[in-house]
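Before any comments, here is the structure.
The values are calculated or read from the model by the stated rules, or taken from the named source; none is laboratory data. Not measured: the values here are computed from a predicted model. When we count neighbours, we look across all protein chains shown, and the Cβ atoms used for this are built from the backbone with ideal geometry, even at glycine. Please note that ligands, DNA and RNA were not included when accessible areas were found on the heavy atoms of the full protein model with its side chains. Shrake-Rupley method; radii C 1.70, N 1.55, O 1.52, S 1.80 Å.
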Amino acid sequence: MSARPAEPEGVIERIIETRMIAILRGFTPEEAVRAGRALADGGARVLEVSLVDSQAPRSIEELREDLGAGCVVGAGTVITESAAEAALEAGADFLFSPGLNQGVVAAAEARGALAIPGVLTASEVTSALALGARLMKLFPAEPLGPAYLKQILGPFPDLRLVPTGGIGTANAAAYLSAGAVALGAGTSVANPVWAREDRYELFEQAAADFLRSLGDAKGAT
């Protein structure tokens, strides 16, 4: 029996409060748990495990068990309905997708979980809104940059976007200032090489540095 996902509104609040989603890709379950623990110590309390990793469902299960209610754990790179079901069965609190798939959104809704579909164009935003999406992943954020995000928000001023792809300490604050509500951060805070080298202190340091780089920048609410 899978763990019940956290309430969608609670997940949204946690994401906006934390201002980032730390993306784990290329980790074994043991590495994911140790990295997740270190990231949480650095302030990154919203984690996403990419389904590109064959053992991602197990990583999600073990992260939820290890970190408890102190963190939110979701699945990323969710591009099919079957992948969504596997992630939800593993206990994912949210589904973070690079694109928009109606089946993925429906699977999350059926389980009472949050789906965060990926969008890039105004047409995709319109389609996601029609499906009831409350949070969207702007992907890929780079090389278009914060200026593009600001333009997308022009006709959709209440949109809550999480830009992902190419986000690091050098440009993170600019995305929040442009109107993002939070940011997706991958290897800039969770590099699998650090796990191979048993340098787990680097995860905590990177998360703290990333959050510190945001300064007083405020995302949209």
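Identify all residues within segment 181-194 that are open to solvent by less than 10 Å² (accessible area, probe 1.4 Å) and either without any contact (Cβ under 8 Å) to a residue 12 or more places away in the chain or of a type in the set (G, A, S) (or both); write none if there are none. Of everything in segment 181-194, those that are open to solvent by less than 10 Å² (accessible area, probe 1.4 Å) and either without any contact (Cβ under 8 Å) to a residue 12 or more places away in the chain or of a type in the set (G, A, S) (or both) turn out to be A182, G184, A185, A190. Each residue in segment 138-178 was checked for being open to solvent by less than 10 Å² (accessible area, probe 1.4 Å) and at positive phi, and 1 of them qualify. The set of residues in segment 201-215 that are touching an Asp or Glu at 6+ places or on another chain (Cβ under 9 Å) and either of a type in the set (S, T, Y) or open to solvent by 50 Å² or more (accessible area, probe 1.4 Å) (or both) contains only E204. All of (1) within 19 Å of E48 (Cβ to Cβ); (2) in contact (Cβ under 8 Å) with a residue 24 or more places away in the chain; (3) open to solvent by 70 Å² or more (accessible area, probe 1.4 Å) hold for K218 with one exception: (1).
Report those strands (runs of 3 or more DSSP E) wholly inside segment 114-221 carrying at least 1 residues which are touching a Phe, Trp or Tyr at 6+ places or on another chain (Cβ under 6 Å), modelled with pLDDT under 95 and among the acidic types (D, E). Break it down stepwise before answering.
Values: elements: 114-116, 136-138, 161-163, 183-185.
Passing ranges: none, list empty.
Hey, among A180, A172, A217, which residue is closer than 30 Å to P29 by Cβ and small (G, A, S)?
On the way: A180 fails: closer than 30 Å to P29 by Cβ; A217 fails: closer than 30 Å to P29 by Cβ.
Going through A180, A172, A217 in turn, just one is closer than 30 Å to P29 by Cβ and small (G, A, S): A172.
So is A130 over 15 Å from the mean Cα position of the chain (by Cα), open to solvent by 10 Å² or more (accessible area, probe 1.4 Å) and free of Cβ contacts under 8 Å to residues at least 24 places away in the same chain or not? In short, yes.
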